[in-house]
Amino acid sequence: MGDDAQEQRERELKFDVPPDWELPDPGKHAPGGVEAQHVHLETTYYDTSARDLLRHRLTLRRRAGDIDTGWQLKVPDRDARTEIRLPGNGTAVPTDLREATLGVRGGAALRPIARLVTERDIHRLLETDGGVLAEIVVDVVSAVQLGESAQITRWREVEVELVKGDEPLLQQVARWLRKGGAVPAATASKLARALGSEPATPRDPSTLAGLAGAYLDAQAAEMVRTDIALRRGHNEIHDARVATRRYRSVLRELGVLFDPERAAALDIELKHFADTLGEVRDRQVLRAHLDKELAKLPPALVVGPVAGRIHELLAAEETDATVLLAAQLRTKRHYALLAELRAWREQLPVVDDRPAADIARVLRKAERKVARRLAAAPEGGGRDEAMHRARKAAKRARYVAELARPELGKRAKTARTRMKKTQDRLGRRHDRVVAAEFLLRAGAAARMNGFTFGVLYAHEQSRTAD
């Protein structure tokens with residue numbers, strides 16, 4: 001991403017109000033008073049002809065007017081949004097933003113799709129020292145949908161956005177606005193309203209598919225967020241990999257709910273992507289692990305530049321893996337994966353739904369699988385692989401417990417904690433197995449005294465046995 005790009009996280013709530021609605025005095029929420037400002041804004045929104053960005057909950061716009069001039073890309077980030085800003089008022093989408101959105105739009109061209117003119121009244125809620133706690137903005141919007149036939153719409157809306165304030169303040173102001181006649185916005189963005197997009201139907205929490213679907217939606221959104229971050233050069237390997245694992249765990253443990261062919265095909269594609277991420281992430285984890293173990297050795301046992309050699313080998317492997325990941329992010333196969341994740345968000349392919357209470361049975365089954373694999377792990381040959389399989393089962397059971405939390409409450413929280421502890425213990429064991437394999441290889445190829453590699457190898461073997 002270019003040096004001019006700026007990034008900030010936004011936490012805001014949006015409300016619809018009638019055309020003649022007026023904001024009550026917000027002074028009671030501002031210990032330092034209220035600062036008011038009126039601004040004029042003109043905004044052009046960009047998307048593909050299939051509205052790929054909007055369908056992924058992204059917003060790309062070019063703004064002119066009194067404030068906030070330049071290019072902005074808004075990316076959902078859990079219960080907030082990350083806004084990426086670039087200066088400039090040219091009509092061509094900046095290269096940085098075209099690259100960032102390449103995956104979610106599958107390489108399709110971007111074009112202007114709507115223009116909005118906004119008359120905005122800003123009310124800044126101040127602290128006693130003059131700092132801004134939050135902003136309440138009242139917008140009067142005129143929108144023109146671009147295309148074969150221009151359609152004009154007008155409306156009034158209200159937003160409250162945190163600046164230095166906290167979540168309780170946000171909720172306090174939101175309650176106050178609702179009492180004053182504001183209602184939660186029916187659409188997620190001005191663009192969605194301008195285009196007449198239908199709001200997504202909420203998942204039904206009383207059904208197992210609804211419970212699973214809400215969890216899958218969150219993982220798909222995280223994969224979109226990390227896809228954009230990776231294309232901007234951010235190290236989001238771990239978060240991207242975890243999201244793919246969580247998604248795959250649902251496909252595996254609750255697969256009976258979904259179309260079997262589509263679920264199996266999606267599982268294959270997620271595994272392919274996770275494996276590529278893992279080639280990078282595993283080197284990062286291994287380097288951190290070996291640095292820690294090497295630091296524990298008495299200086300007399302560290303013969304030669306061992307740390308430098310370890311870093312040299314792992315850096316070369318990580319560079320190769322990073323190049324492969326960057327190439328995969330630009331393939332039609334990866335574009336198709338993101339499109340399929342979006343399709344599952346828009347229409348979950350459910351073939352056999354059940355009551356949400358059935359998640360208790362699914363969780364018990366997942367926990368029993370962990371116990372069986374641990375009990376069946378043989379001594380001697382094959383134990384490492386068996387313990388690794390038990391670790392993966394513990395990870396899936398943990399994710400099922402996360403999914404079950406809205407339905408099972410404390411029972412799911414307890415199960416998640418237990419499975420995480422099991423996963424962590426088996427994870428440390430697996431790290432030592434992987435480290436030992438690397439040290440054996442690195443020691444044999446060392447262009448120096450291999451004594452310290454042997455000491456580290458013996459240490460990893462001993463701790464794995466323990």
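Tell me, in nm to one decimal, what length is gained between V183 and E279 on full extension, where the rule is 0.36 nm per residue of separation less the Cα-Cα distance?
Numbers: separation 96, 0.36 × 96 = 34.56 nm, distance 4.77 nm.
In short, 29.8 nm is gained.
Multiplying the sequence separation of S206 and R252 by 0.36 nm and subtracting their Cα-Cα distance, what value in nm do you get?
Between S206 and R252, full extension yields an extra 14.4 nm.
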### Query
Quick one: if the Förster radius is 35 Å, what FRET efficiency do H38 and E198 give, using the C-beta to C-beta distance and rounding to 0.05?
0.60
### Query
For labels at E99 and L297 in the simple 7 Å Cα→Cβ model, what's the distance in nm?
4.0
### Message
Give me, ordered by chain and number, the residues 5 or more places off E7 or on other chains with an amide H under 5 Å from its own placed amide H.
### Response
R85
### Query
What is the magnitude of the charge dipole of the chain about its Cα centre, with +1 placed on the Cβ of each Lys and Arg, -1 on the Cβ of each Asp and Glu, and no other charges, expressed in debye to the nearest 20?
2260
### Message
Skipping prolines and chain starts, which residues have an amide H placed within reach, meaning under 5 Å, of the one on D47, given they are 5 or more residues away or on another chain?
### Response
R111, I113
#### Entry: Förster radius 41 Å - calculated FRET efficiency between F451 and D79, Cβ distance, rounded to 0.05
0.20
### Message
For the range 318-366 and the range 1-79, what is the centre-to-centre distance using only Cα atoms, to the nearest Å?
### Response
30
### Task
Quick one: angle between helix 208-231 and the longest Cα principal axis of the chain, in degrees between 0 and 90, rounded to 10, please.
90
### Helical mean residue ellipticity (222 nm; -39500 (n - 2.57) per DSSP H run of 4+; nearest 500) of the chain
-17500 deg cm²/dmol
#### Entry: Helix 383-408 axis, angle to the chain major axis (alpha carbon atoms, nearest 10°)
30
### Query
Long-range amide H contacts for G65: which residues qualify at under 5 Å (H placed 1.01 Å from N, peptide plane, sequence gap of 5 or more or a different chain)?
E42
### Query
Treating the beta-carbon of each Lys and Arg as +1 and of each Asp and Glu as -1, no other charges, what is the dipole magnitude of the range 210-465 about its Cα centre, to the nearest 20 debye?
1020
#### Entry: Separation in nanometres of the label points that stand 7 Å from Cα toward Cβ, at D20 and D129
4.5
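Report, to two decimal places, the Cα Rg of the range 210-465 normalised by 2.2 N^0.38 Å (N = number of residues).
On the way: Rg = 20.5 Å, N = 256, 2.2 N^0.38 = 18.1 Å.
Relative to the rule-of-thumb radius for its length, the range 210-465 sits at 1.13.
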### Summary
From fewest to most C-beta neighbours within 10 Å, the residues I359, I152, I84 line up as I152, I84, I359
### Mean Cα-pair separation over length for the chain, i.e. relative contact order, pairs under 8 Å, 6 or more apart, %
14
### Message
Report, in listed order, any pair from K271/K413; K292/K392; K369/K410 with a Cα-Cα distance greater than 32 Å.
### Response
none
### Length released on extending from Q461 to A288, taking residue separation times 0.36 nm less the Cα-Cα span
60.5 nm
## Note on the structure
Per-residue Cβ contact counts at 10 Å, fewest first, order F451, F438 as F451, F438
### Query
Cα axis of helix 332-346 to longest principal axis of the chain: angle in degrees, 0 to 90, nearest 10?
60
#### Entry: Inter-label distance, nm, simple model (7 Å from Cα along the C-beta direction), L169/A109
4.6
### Task
Please turn the phi angles of the range 356-370 into ³J(HN,Hα) values with the Karplus equation 6.51 cos²θ - 1.76 cosθ + 1.60 (θ = phi - 60°), one per residue in order, whole Hz, x for glycine and proline.
4, 4, 5, 5, 4, 5, 4, 5, 4, 4, 5, 5, 5, 4, 4
### Task
With an 8 Å cut-off on Cα pairs and a minimum separation of 6 or more residues, tell me the relative contact order of the range 337-466 in percent.
19
### Query
Hey, with R₀ at 35 Å, roughly what FRET efficiency would D358 and R51 work out to, going by the Cβ-Cβ distance, to 0.05?
0.45
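Every read-out reported here was derived from the displayed coordinates using simple, explicitly stated rules and does not represent laboratory data. Bear in mind that the values here come from a model prediction, so they are computed numbers and not experimental data. Using ideal geometry, Cβ is built from the backbone for each residue, glycine included, and neighbour counts are taken over all protein chains shown.
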